[in-house]
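**Student:** Could you have a look at this structure, given as structure tokens, before my questions?
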Amino acid sequence: MRRFAKMVVAGLLLASVSASVAMADYNKGLKYFTKYIKKAHQIKSPVLLQKVGAKTPDDLDALFKDNAKLLIQKLEAAGLKKEAKGVEKIAKKHKLKDLKDFFIGVLNGKLPAG
């Protein structure tokens, strides 16, 4: 019985570590969005997603293919050139996957404060 309890505790610890690792991508993406995109024009993430026409995670997959070229083009077409440059900086310095995970969280209703 004692061994079973240890296994359950170990499983719970593993699950909590896995959840915090999954949150790290969202949080890194939020950090990159705030630093490189939001500061440029004070645009909020749901508004930005609306301007580029992203409504589902599949839409985001299409936008982030080929180093986010389509996302950058749509931002420039919407008159958001500073934000497009921010995405380019994220692509050069960091992982676009983190930004994509942040946007998926926003689409799923997980909005950052502010």
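The values are calculated or read from the model by the stated rules, or taken from the named source; none is laboratory data. Everything numeric in this text was worked out from a predicted model, so none of it was measured. Note: ideal-geometry Cβ built from the backbone for every residue, glycine included; neighbour counts use all protein chains shown.
**Student:** Can you pull out every residue in region 37-46 that is under 14 Å from the mean Cα position of the chain (by Cα) and in a helix (DSSP H, G or I)?
**Tutor:** The answer is Ile37, Lys38, Ser45, Pro46.
**Student:** If we keep just the residues of region 22-36 that are among the basic types (Lys, Arg) and closer than 13 Å to Phe102 by Cα, which is farthest from the chain's Cα centre (by Cα)?
**Tutor:** In this case the residue turns out to be Lys31.
**Student:** Among residues belonging to region 73-113 that are in contact (Cβ under 8 Å) with a residue 40 or more places away in the chain and assigned to a loop (DSSP other than H, G, I, E, B), point out the one that is farthest from Thr56 (Cα to Cα).
**Tutor:** His94
**Student:** Then there is this: For region 50-62, does any single residue satisfy the condition of being surrounded by fewer than 12 Cβ atoms within 10 Å (Cβ to Cβ), modelled with pLDDT of 90 or more, outside any helix (DSSP H, G or I) and not small (Gly, Ala, Ser)?
**Tutor:** Yes - at least one qualifying residue is present in region 50-62.
**Student:** Hey, could you check region 59-114 for residues that are within 11 Å of the chain's Cα centre (by Cα) and among the acidic types (Asp, Glu) and say which is nearest to Tyr36 (Cα to Cα)?
**Tutor:** Looking at the filtered set, the residue picked out is Asp98.
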